[in-house]
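Here it is: the structure, laid out below.
The values are calculated or read from the model by the stated rules, or taken from the named source; none is laboratory data. Keep in mind that this is a model prediction, so the values were computed, not measured. Neighbour counts run over all protein chains shown; Cβ positions are idealised from the backbone, glycine included. The area values use the complete protein model at the heavy-atom level, side chains included, leaving out ligands, DNA and RNA. Shrake-Rupley method; radii C 1.70, N 1.55, O 1.52, S 1.80 Å.
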Amino acid sequence: MAKIVADRREEKIAAIETLDSRLRWLASWIVHNANHIRPKRDGLKVGGHQASCASMTAIMAALYFHALRPNDKVSVKPHAGPLLQAIHYLLGNQSLEQLQQFRALGGAQSYPSRTKDKIPVDFSTGSVGLGVAITAFSSLVQDYLIAHGSIDEGNAGRMISLMGDAELDEGNIYECLIEGYKHDIRNCWWVVDYNRQSLDSTTADRMFRRFDDIFETTGWRVITLKHGKLQRAAFARPGGKSLEDWIENCPNAEFAVLTYQGGAAWRARLTADIGGKPHVKKLLDSFEDDGLAALMTNLGGHCVESLMDAFDSADDERPTLFIAYTVKGYGLPLAGHKDNHSGMMNPGQIDQLRMAMGIEAGQEWEPFAGLGGNMAARLKNFIGDSVLAAKPEEPVAPQIHVPARFAVPSGDVQSTQAAFGNVLLDLAKSSEELADRIVTTAPDVTQTTNLGGFVNQRGLFRRSDVADIFREAKIPSAQKWAAHAAGQHIELGIAENNFFLLLTSLGLAAPHFGTRLIPVGTVYDPFIARGLDALNYGCYSDARFLLVGTPSGLTLGPEGGAHQSINTPLIGMGQPGLAYFEPAYADEVALFMRWAFEYLQKPEGSSVYLRLSTRQVAQVERANTDWETDALKGGYWLRPPTAGAEAAIAFTGAIAPEVLAAYEQMLDDIPGLGVLNVTSPDVLHREWSASKAARWTDRNAQKCHVEDLLSILAPDAGIVTVIDGSPGALSWLGGVHGLRVSPLGTDRFGQTGDLPDLYREYRLDSAAIIDAMAALF
Ligand SMILES: Cc1ncc(C[n+]2csc(CCOP(=O)(O)OP(=O)(O)O)c2C)c(N)n1
Ligand SMILES: [Mg+2]
């Protein structure tokens, strides 16, 4: 019995080793084809990373064809994209055409992409570090869903990152470790392709071993795979200890140089350094040059058996870091060269590799070429029987009902931030399913962004209960801060990267886990910039969430220049996958939130960003709800102009009172003057530019809201635009019908002050609006 099991394991190792080299070939060939065979029209290098792929073939073969469980999700380092493509090609999930079009329009993407690739991609990658940390947050989301009864504990998958070692330089990794420790994350693996090379060069030796400490400190188990079984066998032989010690002390750069130079160089160097020690010469002499090179590069990350053993040994839920020593470019003539990151084999070198693989010319794309009929058939079966082959497609989670209207928070004078908190509070008190699916989060700004009401109702989330010590001590506080498994607010420390990655993970719960969550995250508006790449990453992954940037702008007054956001409207406009709205009034907040909860569930929808303010603004009387349709399209006439009017003020957000005051003062002089409330510079501009593009594409020409809105004005009318933010967010309005514009807004750093002073200084007050209008005429 034991023998049969052992034989099966031997067979499995042999199959995975064959896959290992097959993946090395296919990834090399995909890149080679794109660069050297596919005709080029622009003379540009296509690129691709043969060395980064070769570094990781055994790791990926052992993970996907041995360790993977049905519910595991894997994030693949960007530069190993071709390997993931090759794996799915072998499985029959990827077409030859896609591989031949690698890095071409419509073909396999350079880096794994959830939205653009035809193969299943669990996590997009590209911006190093983010694709790693996302797995930790997804394991937290999985725990949330387990605690809330949506996933059976027994069905928990592992969230796995296959990462490059240079990703360990990204600060977001450590922010994530700290947060992960606080939340006691589990079922998370990071496997480091520890080739000790980044893009520029070899990495510093001084960090050696420090990573163990850092990860262990934050609750991770660290498993280091330094040596393959060939090396371990050699170390056990006479003289082996000296060899082991030599490797242990060899600096990264020198190891890389010798790897590149090959067997003879290894021999010369080892002989010089340790040849005089007992038995070493005999040990070295027992290997031919090629054999010696193979021995010296037989690191743990290239040894299928060691990898399988390591993966098997982590058979619990503890987060685990595998440091798998590798050689960048392993098995290729590029191995070890410090410039190999974007280095590529030339046609002669790829030919040699092909011949070494036993693949005949013309058979390069044949998945199992050169293996012989029996072996090919067995390998095909082996792949077909794998867990990966049986993985179902991502689920499509049902949509969650959104009530037809949200009640408008009452109050004649309100801020949009308070209104946001009150709408959420109403929901929290309701029995709507929507309310149960909302998950709120904030990077240590829960209370100051008005999430507190929701949190008091719904509780903080922790896998195990955490008491509210202040409450138990009967110290008065408006906040209930107890945490439990049913809680719906995930509190984060101040780290905006973590915040956006958590929003991303929550926003992918539907496709990842089959349960839709409605994430709502609040952040101080200026600090969106701190997590901007992670926000972009979330949007690129098509994660769906409601982002609330608040408070914003100079309107923050005494908080001063370090907290007053200026260019976030441009971020809102420029960011694909994120619809930006900036309401002025509480009823707009209720309208946009309701719309957002629906829109972020739609297949063709996106995430939504609300830019809010703490400024108390007198609310306007509404005669009816007619304004709502236009408000959702990006703008409505708050004070409609008369036909042929000579002027209008177009504004966004919290400076509404200054705008209305200026309007009152100018109305006598400018009869028919209009006030346009631009609720979304983003949606308005996007639709305008799409409608212009439509005439050149095959899409049906769209009707354009901003053209409609402005067409009522006289052909030579003037517009004053005003926003508490970059004036460029609105000044483009003049281009729609060629109207003259006088743009107001902030394009200098803010400073402390009260609102009258600041609005005067930065020309956001009604006097400035009137001056700007006068300048137009
Ligand atoms: C945020 C970010 N900065 C820079 C780059 C450019 N870049 C791509 S790969 C790389 C180094 C990768 O080294 P490593 O992670 O060790 O990967 P490997 O050696 O396995 O190729 C850099 C700097 C990037 N993709 N993302
Ligand atoms: Mg590296």
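When you scan segment 114-155, how many residues do you find that are touching a helix residue (DSSP H, G or I) at 6+ places or on another chain (Cβ under 6 Å) and more than 16 Å from ligand 1 (Cβ to nearest atom)?
Here the count works out to 10.
Listed residues Ala369, Ala376, Ala390, Ala404; which is part of a loop (DSSP other than H, G, I, E, B) and open to solvent by less than 30 Å² (accessible area, probe 1.4 Å)?
On the way: Ala376 fails: part of a loop (DSSP other than H, G, I, E, B); Ala390 fails: open to solvent by less than 30 Å² (accessible area, probe 1.4 Å); Ala404 fails: open to solvent by less than 30 Å² (accessible area, probe 1.4 Å).
Exactly one residue qualifies, and that residue is Ala369.
Moving to a separate point now. Can you find a residue that is out of contact with any Gly (no Cβ under 9 Å at 6 or more places or on another chain), in a helix (DSSP H, G or I) and among the basic types (Lys, Arg) anywhere in segment 17-38?
Yes, segment 17-38 contains at least one residue that is out of contact with any Gly (no Cβ under 9 Å at 6 or more places or on another chain), in a helix (DSSP H, G or I) and among the basic types (Lys, Arg).
Name the residues in segment 664-684 that are surrounded by fewer than 22 Cβ atoms within 10 Å (Cβ to Cβ) and closer than 26 Å to Asp757 by Cα, would you?
Once the filter is applied, which keeps residues that are surrounded by fewer than 22 Cβ atoms within 10 Å (Cβ to Cβ) and closer than 26 Å to Asp757 by Cα, segment 664-684 yields Glu664, Gln665, Met666, Leu667, Val675.
Pro519 versus (1) part of a helix (DSSP H, G or I); (2) within 26 Å of Asp152 (Cα to Cα): which is the lone unmet condition?
Condition not satisfied by Pro519: (1).
Of all residues being part of a loop (DSSP other than H, G, I, E, B) and in contact (Cβ under 8 Å) with a residue 24 or more places away in the chain in segment 482-499, which is most open to solvent (accessible area, probe 1.4 Å)? Just the residue, please.
If we take residues in segment 482-499 being part of a loop (DSSP other than H, G, I, E, B) and in contact (Cβ under 8 Å) with a residue 24 or more places away in the chain, then Ile494 is most open to solvent (accessible area, probe 1.4 Å).
Looking at (1) touching a strand residue (DSSP E or B) at 6+ places or on another chain (Cβ under 7 Å); (2) under 20 Å from Val620 (Cβ atoms); (3) β-branched (Val, Ile, Thr), which one does Val683 not meet, given that it meets all the others?
Failed condition: (2).
Does Ala310 meet the test of being part of a helix (DSSP H, G or I), over 21 Å from Gly336 (Cα atoms), touching a Phe, Trp or Tyr at 6+ places or on another chain (Cβ under 7 Å) and hydrophobic (A, V, I, L, M, F, W, C)? Break it down into steps so the answer makes sense when it comes.
On the way: part of a helix (DSSP H, G or I): yes; over 21 Å from Gly336 (Cα atoms): yes; touching a Phe, Trp or Tyr at 6+ places or on another chain (Cβ under 7 Å): yes; hydrophobic (A, V, I, L, M, F, W, C): yes.
Taking the combined requirement at face value, the residue satisfies it.
On to the next question. Provide a single number: the residues in segment 503-547 that are within 16 Å of ligand 1 (Cβ to nearest atom) and either over 23 Å from Leu145 (Cα atoms) or polar (S, T, N, Q) (or both).
Residues meeting the conditions: 9.
Just for segment 301-344: of the residues that are of a type in the set (Val, Ile, Thr) and more than 30 Å from Glu179 (Cβ to Cβ), which one is nearest to the chain's Cα centre (by Cα)?
Val327
Mind telling me which of the residues Asp316, Asp339 ends up being closer than 30 Å to Asn35 by Cα, part of a loop (DSSP other than H, G, I, E, B) and open to solvent by 70 Å² or more (accessible area, probe 1.4 Å)?
Going through Asp316, Asp339 in turn, the sole match is Asp339.
For Ser139, indicate whether it is away from ligand 2 (no atom under 16 Å from the Cβ), polar (S, T, N, Q), under 22 Å from the mean Cα position of the chain (by Cα) and under 22 Å from Ala314 (Cβ atoms).
yes
Scan segment 83-128 residue by residue and report those that are within 16 Å of ligand 2 (Cβ to nearest atom), in contact with a Gly (Cβ under 8 Å, 6 or more places away or on another chain) and either in a helix (DSSP H, G or I) or touching a residue at least 40 places away in the same chain (Cβ under 8 Å) (or both).
Within segment 83-128, Thr125, Val128 meet the criteria.
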